[in-house]
Amino acid sequence: MRTIRVPAVICGLLALLLGLPFAGGTTPGAVDTAAAAAVAHLSPGVLRALVFPTEPYVVLALGLLAVALCLRAGRRKEAVLALVVPVLAILLTSWLLKPLYDRWKNGTLVYPSGHTVSLVAVLTVLVLVTRRVLVAVLSAVALLAATAGLVGMGYHYLTDVAGGTLFAAAVVLLTWPSPRREPADPAQGEHSFTTPGS
């Protein structure tokens with residue numbers, strides 16, 4: 001299985017580079033303006049529903065679910081990471097990246113999007129823990145909905161959301177143990193993958 005470190009580094013670099021053109025600014029880029037126009041027709045009620053996945057209690061519930069799944073499977077190291085890594089991503093965003101990029105919208109630092117970082121960090125953990133295609137698909141749908149809601153409600157520019165997505169994924173993938181190949185079961189003739197400490 002390919003290492004997860006390579007996509008992690010790529011996501012991290014893209015997150016850092018994406019914010020550079022907007023550092024210290026308050027105005028949207030062309031893509032931001034187009035995205036805002038695309039969701040401008042949505043009603044406030046619909047937009048509030050779309051933002052729902054980013055609510056703190058939803059993110060917390062998803063995070064605790066990931067921890068519970070790890071503990072149930074006896075993967076104690078992953079359970080600790082599932083709890084700690086999203087918090088690390090959020091703290092780095094709030095204390096380091098937002099002040100560093102100094103991008104403002106409605107009197108608030110917005111790059112990268114903290115709403116997005118918290119959601120994507122937890123969803124990425126869930127995908128890594130469950131290794132289920134359905135979980136990955138549902139996570140993508142939740143992120144798309146949240147993106148439309150955050151942009152439509154005026155909380156963030158699209159580039160803020162993109163930067164938050166890339167950064168959260170980078171933090172999780174860089175800190176998560178890489179899957180390792182174990183010897184095949186002679187009866188099955190196939191290889192299986194586990195994570196260190198599991």
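The values are calculated or read from the model by the stated rules, or taken from the named source; none is laboratory data. Everything numeric in this text was worked out from a predicted model, so none of it was measured. We place every Cβ from the backbone using ideal geometry, glycine too, and count neighbours over all the protein chains shown. Side chains included, ligands, DNA and RNA excluded: accessible areas come from the protein's heavy atoms. Shrake-Rupley method; radii C 1.70, N 1.55, O 1.52, S 1.80 Å.
Annotations
- Full extension of the chain between residue 140 and residue 72 yields a length gain of 22.0 nm, computed as 0.36 nm times the residue separation minus the alpha carbon distance.
- The residue list 156, 80, 121 was ranked by how far each Cα lies along the charge dipole of the chain toward its positive end, using unit charges on Cβ atoms, and 80 comes out on top.
- Annotation: for a label point projected 7 angstrom from Cα along Cα→Cβ of residue 80, no residues of segment 1-39 have a backbone N closer than 19 Å.
- Per residue, the accessible area of the chain comes to 53 Å² when a 1.4 Å probe rolls over the protein heavy atoms.
- Largest first, the residues 156, 115, 41 sort by 1.4 Å accessible area into 41, 115, 156.
- Sulfur and carbon atoms: percent of accessible area, segment 22-86 [1.4 Å]: 73
- Among 104, 137, 36 - extreme Cα towards positive end, dipole of the chain, charges at beta-carbon: 137
- Cβ-Cβ FRET estimate between residue 30 and residue 131, R0 fixed at 41 Å, reported to 0.05: 0.60
- For the chain, the dipole from Cβ point charges (+1 on Lys and Arg, -1 on Asp and Glu) about the Cα centre works out to 340 debye, to the nearest 20.
- For residue 20, the accessible area of its heavy atoms, probed at 1.4 Å with every protein chain present, is near 100 square angstrom.
- Which label in (1) 1.10; (2) 1.19; (3) 1.26 gives the computed Cα Rg over 2.2 N^0.38 Å: (1)
- Taking Lys and Arg as +1 and Asp and Glu as -1, the other residues whose beta-carbon sits under 13 Å from that of residue 70 total +4.
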